[in-house]
Structures are given as C-alpha cells and as structure tokens.
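Trainee: Take a look at this one; I'll ask things after.
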Amino acid sequence: MLLLVAFFSAAFLAMGPEAFELIYFAFRSFIRMASAYALSILFSFIFGILIIHNKKAYEFIFPVLDVLQAVPILGFFPFAIMFFVLTFPGGMLGQELSSIFLIFTSMTWAVVFAVVESGSSITSDIRDLAKLMNLNGFRYLTHVCLPISLPQFISGSITGWGGGWYFLVASEYLALGNEKIALPGLGAFIARSAFSFNLLNSFIGIIALAFLVFAMDFYFWQPLLRKARAYSIQPVTVDADAEAENGRLVRLLEDGYSSFSRLLERFQAKSQKILDWLSVTPWSSTSHEAVSSTASYVLTGCVALAFFYFLLFRIPSLAEDFAIFSFMARSIIRILVAFAIALFWTSLFALFFARNKNVMKFMMPVFDLGQSIPAVSIFPVLVVVVIQTLGDRIGLPAALEIASVLLVLTGMQWYLLFNLIRAVQNIPDDIMDISKLLHMGTISRLRHLLIPAIMPAVFVGALEAIGGGWNASIVSEFIISPAGTPYDLPGLGNLLSLSSVQGNLDGVFLAVSCITLLILIPNQLIWRPLVRESYKYKF
Amino acid sequence: MELRLKDVSKTYVVEGKVIPAIEDISLKITKRESIAVVGPSGCGKTTLLRIIAGLEKPTAGGLFFHGKPIAGPDPRIMMVFQNFALLPWKSVRENVELALITRPPEERRNLALKYLAAVGLNGFEDNYPRDLSSGMKQRVGIARALCREPDILVLDEPFASLDPLTARNLQNEILRYYQNRKMKPDVFLLITHNVQEAVYMADRIIVLSQRPGHIKADLRIDLEKPKDMRSRKFQDYVDEITSLIT
C-alpha cells in the first residue's frame, strides 16, 4: 500500500495531472480483463465439460479449439472488427467489445484446456460414487464436476490472465487499415509511450501494470490456489500455513458458489433431461490426454488449403522466388534460437533452484510479473540499447536480429520455466532420498534422476512455448524505429503486422494460416507423440 | 429380503481380446446374514460386487432383487469403497449428506448426524476428509452408506487400506452394529482377499476360483460368537478355505 502511494506520488511528479488518468486507464483495462475472463469461464466450462463427457464433442469440438489456440491474436482481429465494429458503428461500444473479444482469445485456451485436463481427476471411484448417489443433471455438475476441476482451473486461469496481460497492448491498440482500436487503457498507454519513445512514461506504465499483477496474485490467486490444493483428489500434504483460515474473499466465493448450486437445484428436473441428452453424466466421463487425431489432421489440412489459396491466388507475388519460404525460414530460425536460449536458462534454473524454498519464494513473483509484461513495453529500451548502441558496432541487421530474438524470448520462456519448475518440485521426496543414499554426485544425479524426470515437462513446455513464441513474433518482428516507421525485419510476423497496418486482409490471412500451420504440424508430428511417449516416466 | 443371481457372466474386451471375468455365477440370499466373498487376486470378486451394486451390467444372466431385475444402482443396495471415495471439497457431514441429496435439508442433516454418531464420529462433522486418519475416513464412508438404510451393504475390501490394528477395531464395531437386529442392513456382503478376516466377519463364505471366477464353494461358518480367532475350529476353517483358494 505504502509502495503504491509512493509510486503514485512519483508518477504525479513526473507526469503531472496525467497521473490520475493512469488510474482510470488501469481501471478500464482491469474491467476489460475481468469481462474477458468471465466469458472465458463460461466458455471453458461449457466446452470443457462437454469434451470430458461427450464423445462427439471430444471428436469435433476439441480439435477445433486446438486449431484456434494456434491462431495468433492478430488473426482474430479482422473478425473482431467485422463483427463488433461494424455491428456497432461509430461508438466506443464496438471497439470495447472487440477488445474484450481479443483479450478473451489470448486468455481462454489455457482455461479451457485446464478444465479438459481435470477430467482425469474424475477417478473410477468418484464415478462409481456419483452413480450410486444418483447424481445427475446439475447436481452432478455442482457436486462433482465443478469442484473437482478447481485445482487445474485455477492454475489454468493464472496462465490465462498472464496471457491476457501480455497481449493487453495488442488488444487495446490495434489497427486494420482504417479501422482502429485505440481505447483508454493501460495497454494502450504503454503502447503509445513505447512507440513515441517516451521512456519515462512506458516505465511508469509497466510499474502500474506490475501493481495490478502483484495485487491480483496476492489477494486473489494465492488464496484460491491454497484452497484449490485442498480440493485435489490426489492426497497432498497441505502445508501448515496453507491450513490458515480462509480469507474473506474465499469465503465470499464459497457462499456465492453454494447459492449458485441452490439456484441450479431448482432446475434439477429439467437439467437432468438436457444433460442426459448431452451425455454429461457420471457414466460417460473419460480422461483425454490428447486431441483425437483424425479430425485435427483434417482441420490442419483445411488450414493448409487456405494457406495455398491465399498464396497462389491472392498474393502470388509472395510465391515468386519463394519469398514466403524465406520469411518462414527466417522466423523459424529466430524462434529456434530463442527456444534454445530459453531451454538452456530455464532448465538450469529449474534443476538447481526449483527445490530451494528460499530462492523460489523470492523468484516466483518476479517470474509471474515477467510473464505478464507485454513485449511491446520493452521496445524503447531495446531499440535504444541494442539497436542504436550495439548496432553501431555489429551493424544494424545483426542488432535487429538480436533484438527480435530477445522479444520472442519474452513470450516464450515462461511456459518452459513454469513447467520445468513444477516438474522438479513434483519429484517425490523419497526419490531424492535415494540419490542421497546412493551417494550420487551432481552429474550422475542429473543424468539418472533429474533430467529424465523433467523430460515430460520439457515436451509439454516446448509445445506451449513455441506456440507462445509464434504469437510473440508478431510483435518481435515489427520493431518501430524512433522515426515512427518499422525497421525492415523480414519474417512471417512482420508480414502479418505490416499487412494488418496497411489493411491488407489477404496478407493477414496468408500470414495467419502460415503461422497456424507452423504451430500445428510440429505439434501433431513432434511434440504430442513425444509428450505421449514421456508419460511413461511420470511419477 | 431376497437377492438372486442367475447364471451371471461378465466378459471384458481389452484391445480386441475377450477376457472373461466371471462365469455362470448363481447365488441366492434370502435371509439376514453376513457374507464374505473370497478368492485369489484377479478372480473377479470386484466385478461381482460391482454387478450387485448395479454399477456394471452382466454380459449374460440376470439379477433379481425381490423378484425384480436390477438395472442400475438401486437405493436399497449401498457400497463402501476400498479407498473411501470421499469428496475432498466436502466436510464430513456434507459427504454423508450427499447420499441423501433428494431429501429435505433438515432431514438430511439429522440423518447424517445420527449415522456419524453411530460410527463414532461425533464432533468431527465439520472437519474435512484431509484432517482424518484413514480409519476415520472409512468410518465416514460407512456412515454414508448406512444413512440410506439399505437392505444390502456391499463392502469392497474395506479394511485393505487400513493398518491391522485400525482394521480390527473397525471390524469389531461393524459386527457389534450388525448384531442389533433391528437395524439395516439385513445383509452385508464383504469382498476380501484376507481369509482370516472373512471367517471372522461372515456367517457364510463364497469361494471364487481363478479367473474366470465361478463359485468353487459356498460354505457356512458355524462358530460361537464372539468368534475366537485362536480357537482350533476357527483355524480349521481358515485352513480349509485357504487350501480351496491356492
């Protein structure tokens, strides 16, 4: 609180009365995020629970969600504009709704896949119990399905919010030719400050964002996480301090939940028919570790068709000299380099520090914040330090590449880091004891124990990180120079951002389909099989 | 009280292969009695129990309860789980109330408290399962089953997750409870792989063969109560049944 006051007075000194605007911006952004989150909750539970229980939903809806999650946020932008801005022309409402929609698209996938994952917690015992107790209709939802998903749902929500903050800039400050979104909000403030190289203002913007992120984490997510851990089906040792009394917020949510279940209880008879028809019953829950492959191959094929259509018939100039392939190659190399860097430092950190409580206590909030800082906000620093300073020595193109890789890193490394930390922390204590009893040295401990133990997390993290990296490439390949024009940095992300600014829809669709393909194909052919293979090594 | 199983068989299909679990099981339970089903591991004991509880349908044959076929879980048949199956987000009382979900709140609460007291858990109503020892968790599981006042209570290896001392205590309490002839259930059907436990708990023992399980013996335990585990007769029963299984 004291820090907040200090920060605010400093901001006031630096910016004058504009500082009040900042509070207003933060408020507006928060409302937008919260609305998008409310949508995400609704969306995630409806489709998540359907996918867990309904075979058709699993076969058809799940693959569609999987493809959609691979679509970069700018790919949704034309639809948002078409749908919301054109339905509510002129006013703020259309812009506001499209912005919420875009935040939703960067937030919801983590939540919906978390809910789907929670299906694996519905053990055969729980299923039998629900059958014996004749829990069906809404009763099955309120007493079994919703509470059981809480642990995964909360951690998915935290990731989702992180993604939302990261793309807040893009969701509040966007242009498609003449159609613009420029809304009063923290993201737009950060973007404007960054693009006009106002270092002070973008710094103030980031700190304001940091306050929001920390406050949410401290007052909202941490208490909920503690609560969720107690809901876990697997026996967990609850820490002594986690047993501490529930905060006011958690109690409020609990009361809200029980009135919600009482409300649903009134529709029990009707809901039973509907949910039976949708086959959302205790008889039909199954755990899905992977997307069914047939439908996802078909969908990938459709994306490929779209890609070739736009390439050959709409923008054939990009097919000549294989320009598009050189874009692809350049983007892929940047992402791979960033991935290598990310894997290197995150695995070192996880292997050596993840079980060190003191280090983690200090570093975790820092990482959470790092995940939430939008890449755009470090533009000015990057441009000034890397491009102008380093650029004089190694030449502008090389400096640009370095800057771009660093930006991709900001959207990529956290997925790997969080997965790896969790994996190292989840190694059972007795396994660690064995390594002590056997007098294993550091090297053999790494070789026989730690590295095999984190492999599943490496693959899952890679899958998420590379998706995140592609999304970040939109920003990272579109660096604005102090003159206000973007640097020349050929790549797919660059193509996408440029086309979007110029209002070239064909270019947008081409780049989006291409990026989506480049996410989907390795997912299906490399990462998913590796993840499945590595499940053998799960504890 | 009448439960009849007529030529009940169950086969599973695992990766294209048909695996028979139990075969031609016929059984008649007509009076108040305590029954134990024993057999080597993998002989289909649990399958048999799940069929009786209505959780699975037999592939052939039929089940009749009071003359009517059983199709799905019946409120008059309740089950106790090996690993308790308590919901971690519900307090002890709420876990028991779950079995009474269709009743009005007031009645639900009173019945739950009554049966929690019956299993010796008064004072723990508002605790959560994670606060309890495994013996107490199983008591909650038993209270949850009893509060429906079922005719038949099936117990799937209810003592296997407990330490020997806790298990013995709970067994004695269940026997004491069951001796009160006015109380439900009329029949308790215990699945176990522990022969001593079966002889101690049951008046009638059904021995299943290796997979596919069929009834190898159906015998009556004729011992004076309370049973003395060290008596010669008790040991003879244990030896006889053990030799049937191995």
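Trainee: Pick from A:Arg330, A:Arg314, A:Arg355: which is surrounded by 14 or more Cβ atoms within 10 Å (Cβ to Cβ), of a type outside the set (Ser, Thr, Tyr) and either under 20 Å from the mean Cα position of the chain (by Cα) or closer than 25 Å to A:Pro522 by Cβ (or both)?
Mentor: A:Arg330
Trainee: Is there a residue being under 25 Å from B:Ile205 (Cβ atoms), part of a strand (DSSP E or B), open to solvent by 60 Å² or more (accessible area, probe 1.4 Å) and out of contact with any Phe, Trp or Tyr (no Cβ under 6 Å at 6 or more places or on another chain) anywhere in the range B:6-13?
Mentor: Within the range B:6-13, one or more residues are under 25 Å from B:Ile205 (Cβ atoms), part of a strand (DSSP E or B), open to solvent by 60 Å² or more (accessible area, probe 1.4 Å) and out of contact with any Phe, Trp or Tyr (no Cβ under 6 Å at 6 or more places or on another chain).
Trainee: Output the residue which, of all residues in the range B:145-172 that are more than 30 Å from B:Pro104 (Cβ to Cβ) and of a type in the set (D, E, K, R), is surrounded by the fewest Cβ atoms within 10 Å (Cβ to Cβ).
Mentor: Among them, the one singled out is B:Asp163.
Trainee: Now for a different question. For A:Phe367, state whether it is closer than 22 Å to A:Gly468 by Cα, under 22 Å from the mean Cα position of the chain (by Cα), at pLDDT 85 or above and crowded, with 19+ Cβ neighbours inside 10 Å.
Mentor: no
Trainee: Mind checking whether some residue in the range A:450-461 is within 20 Å of A:Phe167 (Cβ to Cβ) and either out of contact with any Cys (no Cβ under 6 Å at 6 or more places or on another chain) or open to solvent by less than 30 Å² (accessible area, probe 1.4 Å) (or both)?
Mentor: Yes, the range A:450-461 contains a residue that is within 20 Å of A:Phe167 (Cβ to Cβ) and either out of contact with any Cys (no Cβ under 6 Å at 6 or more places or on another chain) or open to solvent by less than 30 Å² (accessible area, probe 1.4 Å) (or both).
Trainee: Conditions first: (1) within 17 Å of B:Leu49 (Cβ to Cβ); (2) more than 14 Å from the chain's Cα centre (by Cα); (3) surrounded by 18 or more Cβ atoms within 10 Å (Cβ to Cβ). B:Asp218 passes all but one, so which condition is the exception?
Mentor: Every condition holds for B:Asp218 apart from (3).
Trainee: Which residues, counting only those in the range A:489-525, are at pLDDT 85 or above, open to solvent by 20 Å² or more (accessible area, probe 1.4 Å) and either under 11 Å from A:Ile474 (Cα atoms) or of a type in the set (Val, Ile, Thr) (or both)?
Mentor: Across the range A:489-525, the qualifying residues are A:Leu495, A:Leu498, A:Ile521.
Trainee: For the range A:81-107, how many residues meet the condition of being part of a helix (DSSP H, G or I) and either without any contact (Cβ under 8 Å) to a residue 60 or more places away in the chain or farther than 13 Å from A:Lys180 by Cα (or both)?
Mentor: The total comes to 16.
Trainee: How about the range B:20-45: which of its residues are more than 19 Å from B:Arg76 (Cα to Cα) and of a type in the set (S, T, N, Q)?
Mentor: B:Ser26, B:Ser41
Trainee: Could you tell me how many of the residues in the range B:23-51 are open to solvent by less than 20 Å² (accessible area, probe 1.4 Å), over 18 Å from B:Thr246 (Cα atoms) and not charged (D, E, K, R)?
Mentor: 9
Trainee: Can you confirm whether B:Asn127 is surrounded by fewer than 21 Cβ atoms within 10 Å (Cβ to Cβ), among the polar types (S, T, N, Q) and touching a Pro at 6+ places or on another chain (Cβ under 9 Å)?
Mentor: It is false that B:Asn127 is surrounded by fewer than 21 Cβ atoms within 10 Å (Cβ to Cβ), among the polar types (S, T, N, Q) and touching a Pro at 6+ places or on another chain (Cβ under 9 Å).
Trainee: Is it the case that the range A:110-130 has a residue that's in a helix (DSSP H, G or I), closer than 23 Å to B:Leu155 by Cβ, at pLDDT 90 or above and under 29 Å from the mean Cα position of the chain (by Cα)?
Mentor: Among the residues of the range A:110-130, not one is in a helix (DSSP H, G or I), closer than 23 Å to B:Leu155 by Cβ, at pLDDT 90 or above and under 29 Å from the mean Cα position of the chain (by Cα), which makes the answer no.
Trainee: Here's another thing I want to ask about it. Out of the residues in the range B:221-246 that are under 18 Å from B:Asn169 (Cα atoms) and among the basic types (Lys, Arg), which is least open to solvent (accessible area, probe 1.4 Å)?
Mentor: Selected residue: B:Lys227.
Trainee: Follow-up question, since we're still on this one. If the Cβ limit is 7 Å and pairs must be 6+ apart or interchain, which residue in the range A:108-126 that is within 14 Å of chain B (Cβ to nearest Cβ) pairs with which residue that is of a type outside the set (S, T, N, Q) and open to solvent by 10 Å² or more (accessible area, probe 1.4 Å)?
Mentor: A:Ser118/A:Phe153; A:Ser121/A:Ile233; A:Thr123/A:Ile233
Trainee: Of (1) over 26 Å from A:Leu129 (Cα atoms); (2) open to solvent by 60 Å² or more (accessible area, probe 1.4 Å); (3) polar (S, T, N, Q), A:Thr286 satisfies all except one. Which?
Mentor: Going through (1) over 26 Å from A:Leu129 (Cα atoms); (2) open to solvent by 60 Å² or more (accessible area, probe 1.4 Å); (3) polar (S, T, N, Q) one by one, A:Thr286 breaks only (1).
Trainee: On to the next question. Search the range A:128-147 for residues being open to solvent by 20 Å² or more (accessible area, probe 1.4 Å) and at the interface with chain B (Cβ under 9 Å from one of its Cβ atoms), and hand back the single one that is nearest to A:Ala228 (Cα to Cα).
Mentor: Checked the range A:128-147; the qualifying residue nearest to A:Ala228 (Cα to Cα) is A:His143.
Trainee: In the set A:Ser35, A:Ser40, A:Ser29, which member is of a type in the set (Gly, Ala, Ser) and in contact with a Phe, Trp or Tyr (Cβ under 7 Å, 6 or more places away or on another chain)?
Mentor: A:Ser40
Trainee: Which is crowded, with 17+ Cβ neighbours inside 10 Å and more than 22 Å from A:Tyr415 (Cα to Cα), of A:Val298, A:Val381, A:Val386, A:Val376?
Mentor: Residue meeting the stated conditions: A:Val386.
Trainee: Name the strands (runs of 3 or more DSSP E) wholly within the range B:142-246 that hold at least 3 residues that are under 27 Å from B:Asn83 (Cα atoms) and at pLDDT 90 or above?
Mentor: Where strands (runs of 3 or more DSSP E) fall fully within the range B:142-246 and carry at least 3 residues being under 27 Å from B:Asn83 (Cα atoms) and at pLDDT 90 or above, they are B:152-156, B:187-191, B:204-208.
Trainee: When you look at A:Lys273, is it open to solvent by 50 Å² or more (accessible area, probe 1.4 Å), modelled with pLDDT of 80 or more and in a helix (DSSP H, G or I), yes or no?
Mentor: Yes; evaluated as a whole, the condition is true for this residue.
Trainee: Still on this structure, please answer the following. If A:Ile335 satisfies all but one of (1) surrounded by fewer than 16 Cβ atoms within 10 Å (Cβ to Cβ); (2) among the aliphatic types (A, V, I, L, M); (3) within 28 Å of A:Gly467 (Cα to Cα), what's the number of the condition it fails?
Mentor: The single condition A:Ile335 does not satisfy is (1).
The values are calculated or read from the model by the stated rules, or taken from the named source; none is laboratory data. The shown structure was predicted, so the numbers you read here are calculated from the model rather than taken from an experiment. All Cβ positions, glycine included, derive from the backbone under ideal geometry; neighbour counts span all protein chains shown. The protein model used for the area step is the full one, side chains on, heavy atoms only, and it has no ligands, DNA or RNA in it. Shrake-Rupley method; radii C 1.70, N 1.55, O 1.52, S 1.80 Å.
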